[in-house]
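First up is the structure itself, then whatever we jot down about it.
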Amino acid sequence: MNDFSDDDTRRLLGYLGVALVAGGATVTDAEADVKLVGRHLGYPNVQVSALPTTVMLSLTSGGPASIERNEGPFRLDQSYAAAEVRQQLMAGRLTVAQAVARLAQIRRKPHTYGVWASYWGNMLVALGICLVMQPGWTNVALVAGCSLLVTLLTRLSARHALLAALLPVVATLAVSLIILWCTQQGWMDGPLRTLICPVAILLPGALLSTAMAELATGAMVSGGARAAFGLVQLLLAALGTVSAALLLGFPSSQLTNLRIDELGWWAPPLGVAAIAFGICWSEALPMRMLAYVAPVLVATYVAQANGQHHWPTVPVGAFAGGAIASFLASWIETRFDVPRLIVFLPSFWLLVPGTLGLLGITSVGLGTGQTQSLVAVLVLVAAIALGLLVGTAFSLPVRRLASLRLRLAAPRPGRSAPSSSRAVHGRSGRRQ
């Protein structure tokens, strides 16, 4: 029987907390998950404080503490791998040492489908967003080409610190120059909604909604930091579009929130399907995950569209989409043991708070919008966050039943599980 020390446990919980935050979980959810695993390992008094960039924890109040740094966001396949480690650890199928080793390797996990999959996957996502937002023949063709350019810039930014800092400006400037020039030649209409589609992967839609959810649950430091960072990203992206318009002498009166529809009723459903395939491809998810990702995307789109149809205002549709996505993702996790975040995060491509935020800020920068545009963005993000909280609240009874079933099925450390390998005595969780 193997044994593990307090240092091993702190390292494990730190790695797990960082993996959760890097995977897109709110800090409140990450802290709750770390404490749950700590109790399972015999430490009922774990102290943990999670931030978007770091996780700090101690096994007991006043005990030694450790800090783990978040080195950047995870792909969805990396989040899936981290969730599998957690599930196997809770089920007693992994030792602490094995769990630490696997978590340490996740960030170095190569892309399942190769380098080019990110290009084609992001192109499918951009095409899908365009089919939903701006379904025109020329618009779709331009979005396909521009999305490859954005992915190239994104990959180059990983090797150049200056480009990484200026990526929102550089990407939106390049895309805006191409699309605005094509509009000047009379090849297309509705440039503002079109140019947003290829840069949507850079827009902080999920970040802003997560920030609002954290602020609503009392995580003021994390929520405020995410909101400020997301707003800066939107401002930088808007600066790129405004700069392109000024360089080309593009009339600001043509940069309005104009939607065209040349393709008909079939474009949005095809767009949702393209987003589902593209996300699985670009995020290196196993294609079997389409069976869970696609239903959440479809339900989100249907709820959002029906909400806007019956109550013709964007926040109502955003609230409905957020609530349905949150509840359905929680139900899938309970029913099929698929991590909630894996099937939930793709729904933000349809809730598009970052997209509409860029529309509002760009129109204000060009003098074609008013401050009401910015207020509308804040209301939209708040509606999505409220929908997420409501959906999560309705799913709590189901999730509690699943957690109870997991605790009853899982062997306790130090008892019957040969792989768990710890004898626990007393409330402190220290070995004797």
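The values are calculated or read from the model by the stated rules, or taken from the named source; none is laboratory data. Being a predicted model, the structure only gives us computed values, none of them experimental. A quick note on method: Cβ atoms are made from the backbone with ideal geometry, for glycine too, and the neighbour counts reach across all protein chains shown. Protein only, heavy atoms only, side chains kept; ligands, DNA and RNA dropped before computing areas. Shrake-Rupley method; radii C 1.70, N 1.55, O 1.52, S 1.80 Å.
Only residues that are under 27 Å from the mean Cα position of the chain (by Cα) and crowded, with 22+ Cβ neighbours inside 10 Å were counted across segment 53-66, and they come to 2.
For the condition under 18 Å from A22 (Cβ atoms), at pLDDT below 90 and open to solvent by less than 30 Å² (accessible area, probe 1.4 Å), what is the one hit in A213, A200?
Details: A200 fails: under 18 Å from A22 (Cβ atoms).
Result of the check over A213, A200: A213.
Here G218 meets the list (1) over 27 Å from C182 (Cα atoms); (2) part of a helix (DSSP H, G or I); (3) open to solvent by 10 Å² or more (accessible area, probe 1.4 Å); (4) among the small types (G, A, S) almost entirely, failing just condition (2). The residues of segment 14-25 that are open to solvent by 20 Å² or more (accessible area, probe 1.4 Å) and closer than 23 Å to P346 by Cβ, listed by number, are L20, G24. Among the residues of segment 237-257, is there at least one that is under 18 Å from the mean Cα position of the chain (by Cα) and at pLDDT below 90? No, because not a single residue in segment 237-257 is under 18 Å from the mean Cα position of the chain (by Cα) and at pLDDT below 90.
When segment 214-246 is filtered for residues that are hydroxyl-bearing (S, T, Y) and out of contact with any Pro (no Cβ under 9 Å at 6 or more places or on another chain), the ones remaining, listed by number, are T217, T241, S243.
Of all residues in segment 324-345, none satisfies being crowded, with 23+ Cβ neighbours inside 10 Å, over 30 Å from T241 (Cα atoms) and modelled with pLDDT under 85. All conditions in (1) of a type outside the set (D, E, K, R); (2) surrounded by 17 or more Cβ atoms within 10 Å (Cβ to Cβ); (3) in contact with a helix residue (DSSP H, G or I) (Cβ under 8 Å, 6 or more places away or on another chain); (4) not in a helix (DSSP H, G or I) hold for A81, with the sole exception of (4). Here are some conditions: (1) modelled with pLDDT under 85; (2) under 30 Å from W187 (Cα atoms); (3) open to solvent by 40 Å² or more (accessible area, probe 1.4 Å); (4) part of a helix (DSSP H, G or I). Y301 meets all but one. Which one does it not meet? The failed condition is (1).
Identify all residues within segment 268-295 that are small (G, A, S) and buried (at least 20 other Cβ atoms within 10 Å of the Cβ); write none if there are none.
Applying the first criterion (small (G, A, S)) to segment 268-295 yields 271, 273-274, 276, 278, 282, 284, 291, 294.
Hits for segment 268-295 are G271, A274, A276, G278, S282, A284.
Look at segment 241-252 and say how many of its residues are open to solvent by less than 10 Å² (accessible area, probe 1.4 Å) and more than 14 Å from A200 (Cβ to Cβ). Walk me through how you get there before you give the answer.
Within segment 241-252, the first condition is being open to solvent by less than 10 Å² (accessible area, probe 1.4 Å), and the residues that meet it are 241, 244-245.
From what is left, the residues that are more than 14 Å from A200 (Cβ to Cβ) are 244-245.
Residues that pass the stated criteria total 2.
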